[in-house]
């Protein structure tokens, strides 16, 4: 009996799932990946900048989680790590080194953030240890409210928000503690009395020296290409899955062209099992008729939009001696205007493979914050101008680029609000009652590549077990 499985969504979660299904089910399984856009990869997109491969979506993954590193090695890919250049943060109108000794900006001691905060801000952090113990409810709590009540505003505005903005394009006030900092919440659940004590229990006494991040020198798009080839799946790009229906035995997909010129020409395709690895709005729509509770939960996940602006500067351009700079929402330019960017990555400083023989200097700016589209309203030319103005303000670099590229990610980043863990639990319960259906992706348990791979692996394992049992029953 041939098992036919559809994977809806051609990003890293979808292709990691397809690859794992192939490994678990063997050559006999028929796998089809549907991708609504014309290209595969989702937010892993490697383009070209000044003739060189350059990542225009995610540029790295957390190397201290095992999933992405292990997957790359399994596929025969070499993982590279950043240079020793340190990151900086714009705090109080100055660029300051990003301090060690914190958990996403939550300090293990006041001394850890002495170089970033004012005397008053530092005093507020030092006073946290003497506050009444933190008692968390069983559910999640708003992260910003908790941090501000314990540390004051300055730590959040100068350090926590810029760090969270780089991951979620959102700040602490719109995110949940358990959803975004589960380690910190776990330390409090285990008895840490204060946030400082909880952070101290998570920060190693002496740095291990193990690299925090990794990437591929050929670009993260290489990971997608290798997964697609190894999965042996049929890949249907430019094809939207419009509807999902449960059959007495299996599932029916109604599919059509992503952008038909006239009335959409639709067709139906039947499968034994389906794995959805799509953004929350698409999951909400597809699950509406088959898993209303899961559909409702996906519909409550809000999204942030962003853009990545790649800049190639002339040979000889001197960047700051840092891997990049984070910019909090409260920081202002000298003329009082907000910055368009939330971060610059000085790629030529951060990654050795971006130091080319031609001497061209590569970097990227990130634009876009949750509910604050700001510069995203500008067209591409104006957006590049705004980013270059910010670069000049932040670094003094005023060189005219020899090449630029703008990539926009509309609704690209899910926001993990205070109720996010409950929403995911609701999705899990609803989908568990539908044999042959699974979900994976950035909406669930982390927006980073390792977390996406983890959800894909788990979903693929469950589907493979279902397929084997179904074949045995048949």
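Of the residues making up segment 434-449, those that are touching a residue at least 60 places away in the same chain (Cβ under 8 Å) and either surrounded by fewer than 18 Cβ atoms within 10 Å (Cβ to Cβ) or closer than 30 Å to residue 375 by Cβ (or both) are 434, 441, 442, 443, 447, 448, 449. Only residues that are part of a loop (DSSP other than H, G, I, E, B), modelled with pLDDT of 95 or more and touching a strand residue (DSSP E or B) at 6+ places or on another chain (Cβ under 7 Å): list them for segment 111-139, please. The answer is 116, and nothing else. Can you spot a residue in segment 63-72 that is assigned to a loop (DSSP other than H, G, I, E, B) and in contact with a strand residue (DSSP E or B) (Cβ under 6 Å, 6 or more places away or on another chain)? Within segment 63-72, one or more residues are assigned to a loop (DSSP other than H, G, I, E, B) and in contact with a strand residue (DSSP E or B) (Cβ under 6 Å, 6 or more places away or on another chain).
From the list 212, 235, the lone residue that is outside the structural domain of residue 353 (by TED's automatic domain parsing), within 27 Å of residue 72 (Cα to Cα), exposed (fewer than 14 other Cβ atoms within 10 Å of the Cβ) and in contact (Cβ under 8 Å) with a residue 40 or more places away in the chain is 212.
Residue count for segment 312-326 satisfying the condition of being under 14 Å from residue 355 (Cα atoms) and in contact with a strand residue (DSSP E or B) (Cβ under 6 Å, 6 or more places away or on another chain): 4.
The residue that is nearest to residue 332 (Cα to Cα), counting only those in segment 140-155 that are touching a residue at least 40 places away in the same chain (Cβ under 8 Å) and part of a helix (DSSP H, G or I), is 155.
Just give me the residues in segment 26-41 being farther than 19 Å from residue 450 by Cα and either in a loop (DSSP other than H, G, I, E, B) or free of Cβ contacts under 8 Å to residues at least 60 places away in the same chain (or both), in sequence order. Across segment 26-41, the qualifying residues are 26, 27, 28, 29, 35, 36, 37, 38, 39.
Here residue 72 meets the list (1) surrounded by 16 or more Cβ atoms within 10 Å (Cβ to Cβ); (2) touching a helix residue (DSSP H, G or I) at 6+ places or on another chain (Cβ under 6 Å) almost entirely, failing just condition (2).
Please indicate, with yes or no, whether at least one residue in segment 344-358 is in the same structural domain as residue 406 (by TED's automatic domain parsing), over 24 Å from the mean Cα position of the chain (by Cα) and touching a residue at least 40 places away in the same chain (Cβ under 8 Å). There is at least one residue in segment 344-358 that is in the same structural domain as residue 406 (by TED's automatic domain parsing), over 24 Å from the mean Cα position of the chain (by Cα) and touching a residue at least 40 places away in the same chain (Cβ under 8 Å). Whether any residue in segment 398-420 is farther than 30 Å from residue 377 by Cβ and crowded, with 18+ Cβ neighbours inside 10 Å is what I want to check. So far as segment 398-420 goes, no, none of its residues is farther than 30 Å from residue 377 by Cβ and crowded, with 18+ Cβ neighbours inside 10 Å.
Which condition breaks for residue 23 when tested against (1) in contact with a helix residue (DSSP H, G or I) (Cβ under 8 Å, 6 or more places away or on another chain); (2) over 16 Å from residue 225 (Cβ atoms); (3) part of a helix (DSSP H, G or I)? Here residue 23 meets the rest and fails (1). Pairs meeting the criteria (first residue in segment 57-79 and more than 21 Å from residue 347 (Cα to Cα) and assigned by TED's automatic domain parsing to the domain that holds residue 457, second residue crowded, with 21+ Cβ neighbours inside 10 Å and modelled with pLDDT of 95 or more, beta carbons under 9 Å, at least 6 apart or on different chains) are lacking.
Which of the residues spanning segment 151-186 are surrounded by fewer than 20 Cβ atoms within 10 Å (Cβ to Cβ) and out of contact with any strand residue (DSSP E or B) (no Cβ under 9 Å at 6 or more places or on another chain)? Within segment 151-186, 152, 153, 182, 186 meet the criteria. The set of residues from segment 214-230 being under 15 Å from residue 57 (Cβ atoms) and not in a loop (DSSP other than H, G, I, E, B) comprises 215, 221, 222, 223, 224, 225.
Could you check residue 47 against (1) part of a strand (DSSP E or B); (2) over 19 Å from the mean Cα position of the chain (by Cα) and say which number it fails? Here residue 47 meets the rest and fails (2). Comparison of 202, 195 shows that the only residue that is surrounded by fewer than 20 Cβ atoms within 10 Å (Cβ to Cβ), closer than 30 Å to residue 130 by Cα and within 27 Å of the chain's Cα centre (by Cα) is 202. Looking only at residues in segment 156-192 that are in a loop (DSSP other than H, G, I, E, B) and within 25 Å of the chain's Cα centre (by Cα), which one is farthest from residue 131 (Cα to Cα)? Within segment 156-192, the match that is farthest from residue 131 (Cα to Cα) is 169.
The values are calculated or read from the model by the stated rules, or taken from the named source; none is laboratory data. Keep in mind it's a predicted model, so treat the numbers as computed, not measured. As a convention, Cβ positions derive from the backbone with ideal geometry for all residues, glycine included, and neighbour counts pool all protein chains shown.
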